[in-house]
Amino acid sequence: MLQKSISFLGHLPPEQWFWLMFCALLIGLAKAGVKGTGMFAVPIMAAVFGGKASVGLVLPLLSMADVFAVSYYNRHAEWKYIWRLLPAAVLGVGIGIWVGYKVEDEFFTGMIAVIIISSLVLMVIQEFSALSDKLVGSWGVASVFGVLGGFSTMIGNAAGTIMAVYLLATRIPKNSFIGTTAWFFLIINLFKFPFHIFIWETITTESFLIDLAALPAIITGVFLGIQIVKYIPEKAFRYFVIIMTFIISLRLLLG
């Protein structure tokens, strides 16, 4: 259940409102293509609201941002990659539901850190020693990344790095990368909603109203992100993803 500190909309302290709005802005930036910024929201929200409660608060923020990202980058999506990833991602979500139901809050950040750092290693290896087209195009490799992505997104809304590793390996253009991830996460995040509501009970009417109040910050982040992405060249964009992921991974690991 959500912590008592956010059990009533009017009683949310000013400092929690500040961090909520800040994280909503970061999520908007990330969904518009400034990859990495959204992952800063994960440890911040966990520190402010608690592990499981923060996951339930972040999910609607991500979903609202997904809608804006899809509306702008819709035509750039590469659906062949989405269909390869989705079946295994659903399985990963199922595993995450079970694990999340069993573990305590303090284990969440540790699991997220391990997931992201492992992904970072894969990303760096990929940058200097690219996977063959045959491997990238195989259903087996896509399934591995799908399961890992589904698990990590259910546990801590932290699948962005894993999806980045896979999609960067395909060498798809910048806008296709953004459009594909936008559609993938919109679908998988909406799929997660019932489990947060009825099993984990981390999304309630009150928490959803809090998220709606953060909508202006999300819209601002999406608008700023679209403008920023226009000025990031293809090669610089790839290195930007890697550097941001490295910074975030250190933050999570050091707690």
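The values are calculated or read from the model by the stated rules, or taken from the named source; none is laboratory data. Because the structure is predicted, anything quoted here is derived from the model rather than measured. Every residue, glycine as well, gets a Cβ built from its backbone with ideal geometry; the counts of neighbours run over all protein chains shown.
What the table shows:
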{"read-out": "When residues of the stretch 230-255 are limited to those that are among the β-branched types (V, I, T) and over 24 Å from L59 (Cβ atoms), the one modelled with the lowest pLDDT", "value": "I242"}
{"read-out": "Enumerated helices (runs of 4 or more DSSP H) restricted to the stretch 107-185, each holding at least 2 residues that are at pLDDT 80 or above", "value": "139-156, 160-169"}
{"read-out": "Residues of the stretch 196-215 satisfying the condition of being in a helix (DSSP H, G or I) and either out of contact with any helix residue (DSSP H, G or I) (no Cβ under 7 Å at 6 or more places or on another chain) or of a type in the set (A, V, I, L, M, F, W, C) (or both)", "value": "I197, F198, T205, F208, L209, I210, L212, A213, L215"}
{"read-out": "Criterion violated by T205 - all others in (1) surrounded by fewer than 24 Cβ atoms within 10 Å (Cβ to Cβ); (2) more than 14 Å from A53 (Cα to Cα); (3) at pLDDT 85 or above satisfied", "value": "(2)"}
{"read-out": "Cβ-Cβ under 7 Å pairs, at least 6 apart or on other chains, the stretch 174-186 side touching a residue at least 40 places away in the same chain (Cβ under 8 Å), far side part of a helix (DSSP H, G or I) and among the acidic types (D, E)", "value": "K174/E234; A182/D66; F185/D66; L186/D66"}
